[in-house]
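S.K.: This is the structure I want to talk about, given as structure tokens.
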Amino acid sequence: MIVNAHVHFGLLWGPLENWPVGYTADELLRDMDRDGIDKAVIIPFIQNYDNEFMAKSAKEHPDRLIAFAMINPWRHINRKDDIKRYADLGIKGIKLKSPWEGYNLNDDMILGDVYEACVEHGMPVLVHTGDDVACTPLQCEEVVRTYTEITLIMAHAGFRNLADEAVRVAKRNKRIILDLTAATSQQLRDALREIEPERIVFGSDSPFMDERVELEKFSVVIDDEHAKKCIMGETILRILKMHV
């Protein structure tokens with residue numbers, strides 16, 4: 001079972017003429033079939049997200065697509081109510097991209113309701129992490145120590161300059177999962193050396209990154225069959241409480 005845990009999804013839309021962004025179900029399923037991917041976690045494009053559309057698309061393809069919702073806390077007045085509604089629609093997790101939306105991941109004033117609601121509904125939180133001061137691995141550590149029952153998936157695992165910090169933070173905190181999407185092969189090797197494969201997931205960042213390239217990276221680095229099964233599918237399905 002191969003599960004791509006990080007795919008951007010939605011209708012064609014873009015703020016600039018030279019950056020039209022879109023990835024439809026037909027396009028995604030075509031690429032999944034080509035690449036031997038069984039399931040994909042679909043995440044809204046940040047520019048113009050439609051969480052109801054994500055839930056609808058996953059319901060139309062229940063054996064292939066798993067929907068996450070995007071939350072910009074500035075746009076959601078009743079965050080807990082909205083997250084409950086998404087959970088009722090079948091949404092399995094929440095995505096945050098703080099650098100583009102003007103907040104820090106450890107800002108309890110604006111995100112406390114989000115984190116509490118995700119714990120209440122058993123939804124993991126996928127957070128963009130990297131060099132930006134709004135999304136550092138140390139902020140993620142503060143979140144999981146404050147909300148001790150939350151599961152936090154660190155997308156890109158601190159890429160680039162904070163990659164080592166991301167591994168150290170994950171090693172200290174069992175509730176942190178490393179998503180090595182668009183990371184380097186050395187990042188993946190470092191993660192495998194320090195933490196168990198049950199806390200590492202595969203993703204492609206499609207359509208921005210080519211799924212085939214990411215598959216090759218993971219194939220080259222991972223030799224152990226148990227680690228491969230975990231990282232390529234079992235870990236994310238376990239986190240989402242779905243049948244492996």
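S.K.: Within region 197-220, count every residue that is surrounded by fewer than 20 Cβ atoms within 10 Å (Cβ to Cβ), touching a residue at least 40 places away in the same chain (Cβ under 8 Å) and part of a helix (DSSP H, G or I).
M.R.: The total comes to 3.
S.K.: Could I ask something else about it? On the given criteria, is Asp81 in a loop (DSSP other than H, G, I, E, B), of a type outside the set (Ser, Thr, Tyr) and surrounded by fewer than 17 Cβ atoms within 10 Å (Cβ to Cβ)?
M.R.: no
S.K.: For region 59-74, what are the residues that are over 17 Å from Tyr115 (Cβ atoms) and outside any strand (DSSP E or B)?
M.R.: Matches in region 59-74: Lys59, Glu60, His61, Pro62, Asp63, Arg64.
S.K.: Which is surrounded by 22 or more Cβ atoms within 10 Å (Cβ to Cβ) and within 18 Å of Pro207 (Cα to Cα), of Leu105, Leu28, Leu11?
M.R.: Leu28
S.K.: Could you check Arg160 against (1) on the phi < 0 side of the Ramachandran plot; (2) out of contact with any strand residue (DSSP E or B) (no Cβ under 7 Å at 6 or more places or on another chain); (3) at pLDDT 95 or above and say which number it fails?
M.R.: It fails just one condition, (3).
S.K.: So, of the residues in region 41-58 that are without any contact (Cβ under 8 Å) to a residue 60 or more places away in the chain and assigned to a strand (DSSP E or B), which turns out to be surrounded by the fewest Cβ atoms within 10 Å (Cβ to Cβ)?
M.R.: Pro44
S.K.: Among the residues of region 131-181, which ones are small (Gly, Ala, Ser) and buried (at least 22 other Cβ atoms within 10 Å of the Cβ)?
M.R.: Ala155, Ala157, Gly158, Ala163, Ala166, Ala170
Residues checked against (1) in contact (Cβ under 8 Å) with a residue 12 or more places away in the chain; (2) among the β-branched types (Val, Ile, Thr); (3) in contact with a Gly (Cβ under 9 Å, 6 or more places away or on another chain):
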{"position": "Gly10", "(1), (2), (3)": "yes, no, yes"}
{"position": "Pro20", "(1), (2), (3)": "no, no, yes"}
{"position": "Arg30", "(1), (2), (3)": "no, no, no"}
{"position": "Asp33", "(1), (2), (3)": "no, no, no"}
{"position": "Asp38", "(1), (2), (3)": "yes, no, yes"}
{"position": "Asp63", "(1), (2), (3)": "yes, no, no"}
{"position": "Met70", "(1), (2), (3)": "yes, no, no"}
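S.K.: Just to be sure, is Ser98 of a type in the set (Ser, Thr, Tyr) and under 15 Å from the mean Cα position of the chain (by Cα)?
M.R.: yes
The values are calculated or read from the model by the stated rules, or taken from the named source; none is laboratory data. Computed from a predicted structure; not experimentally measured. Cβ coordinates were reconstructed from backbone atoms using ideal geometry, including for glycine residues, and neighbour counts include every protein chain displayed.
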